[in-house]
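Below you'll find the structure, written out as structure tokens, and then a few comments.
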Amino acid sequence: MSHLRSTLLCLLALCTAETLTAQTGDTAPLKVTSPNGQIVFLLFEGHAAKGATDHEAFEAPAPSSLRYAVEFRGKRMIAESSLGLEAAGQSALGPGMRNMGAETGSTDQTYAIPVGKTSSVRDHYNSLHADYEDAAGRKLGIEVRVYDDGAAFRYIVPDQPALKQVRIARENTEFAFSKDATTYPLILDGYQSSWEDEYQERQVSGLHGDWLIGLPFLTEEPGFGWVAITEAGIYNYAGMYLRKGKGRFDVRADLSPRVDEPGVAVEATTPFSSPWRVLMIGDEPGRLIESNIILNLNPPSKIVDTSWIKAGKSAWDWWSGQAAPSVTFKTGMNTATMKHYIDFASESGFPYMLIDAGWAVAPTRNGPEDYEALADITSVVPEVDMPELLRYAKEKNVKLWLWSHWTSVDKYMDQAFPLFEKWGIAGVKIDFMNRDDQWMVDFYHRVVENAAAHHLMIDFHGAYKPDGLRRTWPNLVTREGVMGKEYLKWSARTGPVHNTTLPFTRMLAGPLDYTPGAFGNSNRENFVPRNFMPMGLGTRAHELALFVVLESPFMMVSDYPEHYKGEKAFDFIKQVPATWDEVRVLNGRPMKNITIARRSGTDWFVGSLTNWDERTVKVPLSFLGEGKYVAEIHADAPDAAQEATHSTFTKLTVDKNSVLDVHMVSGGGNAIWIHPAGR
């Protein structure tokens, strides 16, 4: 439950448009500033002022339109950009509207979360709520919150006689950059997507008009700072994408259409609100990784007792192709193989083992897709003795997770979730949704609420990006929505360049189930994609560092048990936690390198990654407390660029004044456990 540190409700008297008249005759902008004074959000109505933007290609919005702008450290980072909702069958909400009053406020509270990148979260912002009305009497509200690490706004359509039912075709929300920003887009092939692809590097002026861009959308405006566009709090609404706007430096919102009515994105009854449109802002990209703004823009937890929601690492039978070269039985989806992986989890101190596809009975076996989609998740195939596995896992102090296709969950949820609770299942990995239209967004909400009632954690795969729902339903511990380690089974797409990009892009939205842990490490020259006993692309130390750099409270250890046996580097995987008290980003840029330090109790873990460039970075340990510490360092061996499985292990005595020189070979990395001396 959240603990309210302080809440300051600074409700100003209603500010009418007449009291805000500028010399030009248009209303002066409403303004709200971040607590530290560095970010300013401006809300305009009326005609766009001449010279309101710094880029020549700006096309003024329609007369008397709603607009906003954002300043960072005194510079206009987001130029005047249009606001509004395009309703099917009627004129847009936005143009011609005038301000009917505004309220400002301030909130400062701190709440705890059971799992995440920090154990407590400060929710500190200044706010603005402005009400508008057009000549037809239709009303629209705009709510703004400005934090020290970003700004967010959303549309509120109140209950009103002139507007009861609303069918939104699109939003008129724009994001006009003040200069030609460098961007890192994820280009998707349509609204029905698993969000699995590489990120590119493009100038905003070079984005193609037909590209559908997934969120978060990271950008750098040189001399201004970094800003990432995403959304939070998607409820009874469609997911948002971006497309190139009309202006040279503009992008605009695009909503996922309903499957049953492609010309409409959202059907709603007033009152309702849109998700938050979020601008994460910082002077360095690492500041965005440290931000908890996405969580803060969601309602508090609806789960009173969260003691059953526990982070942890998991053994997994799928990625390795159910490899088990030390056994005499035939491996596959059977009781013996699952016990083998349960043994591995128990011996390694992992609390979980994930049983992937194939355990549930399907009415037809016409092909893998039919099997996955039609499985009855209340029934178990004869090859798997579920009661015995549950007994055995409990004896070994391991809890089981189960995989399911989303269609099976949709069909059997009311029967399956109570059954899973009776079995003692820890959680469910739900796959292949590949949509974020309004109906599918509602499915996510139904799942996590139903799962919470039966003490089940959830991992969404084939999923859209996180939006902070895990604050309200913290049993939603992680999700995919990323091109992860599985791609190495059939391609070379998820290598060091991808790994150094994900923290600055996809991970800004929340945890990602990337499934690290490959110990068949390889350089580019020797890498071969294969389904059985797949290889990892990058060095052993690079793979270890992923457990620190990437955030996921349910963290896979994806390789087969025999691959870890006798390997000193495996000690680090056993030691590293899956949930944290504090996070610091020490250096890095997307597609190049990153160093992240995470604290658990009095211990710190530091992970560094480089792309295919050999690199040495300085890692200051100023985040440490007083006294001496021991740093246990897994580094690239001198020949790791040729023999990627080679790493070195050293111990150093360090303190908060120490600065480490971390050297990484091509495709390399570095993983460090720092704990107080004397332990």
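Rule-based calculations on the coordinates, nothing more; no lab input. A quick note: this is a predicted structure, and the numbers were derived from the prediction, not measured. With ideal geometry, Cβ positions are generated from the backbone for all residues, glycine too; neighbour counts draw on all protein chains shown.
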**Prompt:** If amide H atoms are built 1.01 Å from N in the plane of the peptide, which residues on other chains or at least 5 residues away come under 5 Å of the amide H of G150?
**Reply:** I281
**Asked** Any idea what the dipole of the chain comes to, in debye rounded to 20, about its Cα centre with Lys/Arg Cβ at +1 and Asp/Glu Cβ at -1?
**Response** 900 debye
**Mean separation of Cα contacts under 8 Å, 6 or more apart, over the residue count of the chain: relative contact order %** = 11 percent
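Using 0.36 nm per residue, how much length does the chain from V259 to R391 gain when fully extended, once their Cα-Cα distance is taken away?
Working: separation 132, 0.36 × 132 = 47.52 nm, distance 4.33 nm.
Extending this stretch completely gives an extra 43.2 nm.
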**Message:** Suppose we look only past 19 Å in the calculated P(r) of region 524-676. What percent of the Cα-Cα pairs does that tail hold?
**Reply:** 51 percent
**Asked** Got a sec? Which residues in region 457-496 would a label at F432 touch, if it sits 7 Å along Cα→Cβ and we count backbone N under 15 Å?
**Response** 461-463
**Asked** Once the dipole of region 2-296 is set up with Lys and Arg at +1 and Asp and Glu at -1 on Cβ about the Cα centre, which of Q160, Y68, I142 lies farthest towards its positive end?
**Response** Q160
**Request:** Report the Stokes-Einstein translational diffusion coefficient (µm² s⁻¹, integer) for region 305-481, Rh taken as the Kirkwood radius over Cα pairs, at 37 °C with viscosity 0.692 mPa s.
**Result:** 198 µm²/s
**Prompt:** Which ordering of D159, D559 is given by a fewest-first count of other beta-carbon atoms within 10 Å?
**Reply:** D159, D559
**Request:** Could you point to the residue in N657, W401, Y564 farthest towards the positive end of the chain's charge dipole, with +1 and -1 charges on the Cβ of Lys/Arg and Asp/Glu respectively?
**Result:** N657
**Asked** How far is the Cα center of region 542-570 from the Cα center of region 81-114, in Å?
**Response** 44 Å
**Request:** Only helical DSSP H runs with n ≥ 4 go in: add -39500 (n - 2.57) per run for the chain, normalise by residue count and round the 222 nm mean residue ellipticity to 500 deg cm²/dmol.
**Result:** -4000 deg cm²/dmol
**Message:** Can you list residues from other chains, or at least 5 along the same chain, whose modelled amide H is less than 5 Å from the amide H of W612?
**Reply:** V497, G667
**Prompt:** From the backbone phi of region 649-654, what are the Karplus-calculated ³J(HN,Hα) couplings (6.51 cos²θ - 1.76 cosθ + 1.60, θ = phi - 60°) in whole Hz, Gly and Pro given as x?
**Reply:** 10, 9, 10, 10, 8, 9
**Fill in**
Using eta = 1.306 mPa s and T = 10 °C, Stokes-Einstein with Kirkwood Rh from Cα pairs puts D for the chain, in µm² s⁻¹, at 61 µm²/s
**Request:** Just report the Cα centroid separation between region 129-144 and region 399-439, whole Å.
**Result:** 41 Å
**Complete:** Along region 515-525, Karplus-curve 3J(HN,Hα) (6.51, -1.76, 1.60; θ = phi - 60°) to the nearest Hz, with x for Gly and Pro, reads 6, x, x, 5, 10, x, 6, 8, 7, 5, 5
**Request:** Compare the peptides 312-320, 394-402 by average per-residue count of other Cβ atoms within 10 angstrom and give them in order, highest first.
**Result:** 312-320, 394-402
**Message:** Quick check: net charge around N397, other residues with Cβ under 13 Å of its Cβ, Lys/Arg +1 and Asp/Glu -1?
**Reply:** +2
**Fill in**
Here the gain from full extension of D613 to T182, 0.36 nm per residue of separation minus their alpha-carbon distance, amounts to 153.1 nm
**Request:** Please report how many Lys pairs in region 2-296 have alpha carbons closer than 17 angstrom, counting only residues at least 8 apart along the chain or sitting on separate chains.
**Result:** 5
**Fill in**
In whole Hz, the Karplus estimates of ³J(HN,Hα) for region 610-624 (6.51, -1.76, 1.60; θ = phi - 60°; x where Gly or Pro) are 10, 7, 7, 9, 4, 7, 10, 10, 8, 10, x, 9, 5, 6, 5
**Request:** Among DSSP beta bridges lying fully in the chain, give the percent that are antiparallel, nearest 5.
**Result:** 85 percent
**Request:** Would you mind checking which residues have amide H under 5 Å from L212's amide H? H placed 1.01 Å from N; only 5 or more apart, or other chain.
**Result:** L188
**Request:** Could you line up D356, D305 from fewest to most neighbouring Cβ atoms inside 10 Å?
**Result:** D305, D356
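Fewest first, what order do T478, T653, T331 take by the number of other Cβ atoms within 10 Å? Mind showing how you got there, number by number?
Details: T478 29, T653 10, T331 18.
Going from sparsest to densest Cβ surroundings: T653, T331, T478.
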**Quarter of Cα convex hull surface for region 2-296, i.e. mean projection, nm²** = 15.8 nm²
**Message:** If the only charges are +1 at each Lys and Arg Cβ and -1 at each Asp and Glu Cβ, what is the size of the charge dipole of region 2-296 around the Cα centre, to the nearest 20 debye?
**Reply:** 440 debye
